[in-house]
1. Counting Lys +1, Arg +1, Asp -1, Glu -1, what net charge surrounds R302 among other residues with beta carbon under 9 Å of its beta carbon?
2. Give me F34, F144 sorted ascending by neighbouring Cβ count inside 10 Å, so fewest comes first.
3. Fewest first, what order do T309, T82 take by the number of other Cβ atoms within 10 Å?
4. Taking just the C-alpha trace of segment 213-272, give me its Rg and Dmax in Å.
5. Gaussian network model of the chain, Cα springs within a sub-10 Å range: biggest mean-square fluctuation belongs to which of S191, S269, S212?
6. List the aspartates and glutamates whose alpha-carbon lies under 15 Å from that of K10, not counting same-chain residues fewer than 8 positions away?
7. Can you give me the angle between helix 26-36 and the longest principal axis of the chain, using Cα atoms only, in degrees from 0 to 90, rounded to the nearest 10?
8. Find the lysine pairs in segment 129-309 meeting two conditions, Cα atoms under 27 Å apart and a separation of 8 or more places or different chains, and report how many there are.
Amino acid sequence: MSGPTLQLTKTVPEILKEFPDRRLKARELAELIFERFPDVCEAKKAKSAALHSDADLIQQIVAEISALRPAIQRKYPQVRVTEGRPRDFYWSDKSPETEVAEANAASLDAILPLANLESLKSDGEIVSEHSLYPLLGDYLATEFSVDLMRIDEHRSSNKRGPNGNRWLYPDVVGIEDLTRGWDRELKECISQTGDPRARLWSAEVKRLINRSNVREAYFQAVSNSTWSNYAYLVASSIEGVDTMQELRMLYALHGVGLIQLNERNPSESQVLIPARERLIIDWTTCDRLVKENADFKEFIKRVRHFYQTGDRQSGWALRSN
């Protein structure tokens, strides 16, 4: 007669429901299951010749949770799963629309590491969309040698009325130095040839992208980023396989890429969809942005300074420290 077995399609949702809106990775779930059901886990390990240690067992449970994810979500729609690797699992009774509204209002809890069960019950830190900009600056500066600058829409002229400049400005813009580390003689040579020495970046940042706001968020990025060489939609949380499918379809049509920003460790952020490069800057759109927004005008001044001197004027870039 067989003993009790792990019913992951039931156990995983029960654990997630205890801590609604808290993100747990498959490994964190597996570790909780191992702690809560030691007898069942020991029996599972004893039945398999491939499981030689507790670590092997936990890794097996991790694999099974990932494999059972579609079945779990079909049975329990409240179980939400983020995209990117590793995935985050969480329980939410809110509609996708409500989740987006709360994220936009900076009322979602921060994604916290699993230290212990009590930590999951404590109040999380409220994180706003604006707090993500310096983290994105850290990531792009390290990985792509891009210096970012914030574009504050409140520094706009609003000559065209309340909605006249809607979706005109990206959240952040940046310059990528293509000659970083090159010999000075070569840099001066390139400056005489007229070849590009830099690429301009543009990014629209969101706390959360899910099926309810994916198209609006993407087309906002399309609208305010078409002037740049590289355009990205950036999110700290992307929820749902259907959401990623939609983003890939929209990318094929418009070329705006996707970055998933890791709030806990920006260096572990991922470019999920590389942006399609535009070889020519849309200077006509830039002219309107310069005339309408003081921050963008300052950005263009810095771009001009770089092309004239090769100096990116250290200290102006958007960073977390």
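1. +1
2. Going from sparsest to densest Cβ surroundings: F144, F34.
3. Taking fewest neighbouring Cβ atoms as first place, the list is T309, T82.
4. Cα radius of gyration and Dmax of segment 213-272 are 11.4, 32 Å respectively.
5. Comparing S191, S269, S212 in a Gaussian network model of the chain, the most mobile one is S191.
6. Filter leaves E18, E64.
7. Roughly 30 degrees between the two axes.
8. The number of close lysine pairs in segment 129-309 is 9.
Since every read-out is calculated from the coordinates, none of them should be taken as a lab result. Being a predicted model, the structure only gives us computed values, none of them experimental. Cβ coordinates were reconstructed from backbone atoms using ideal geometry, including for glycine residues, and neighbour counts include every protein chain displayed.
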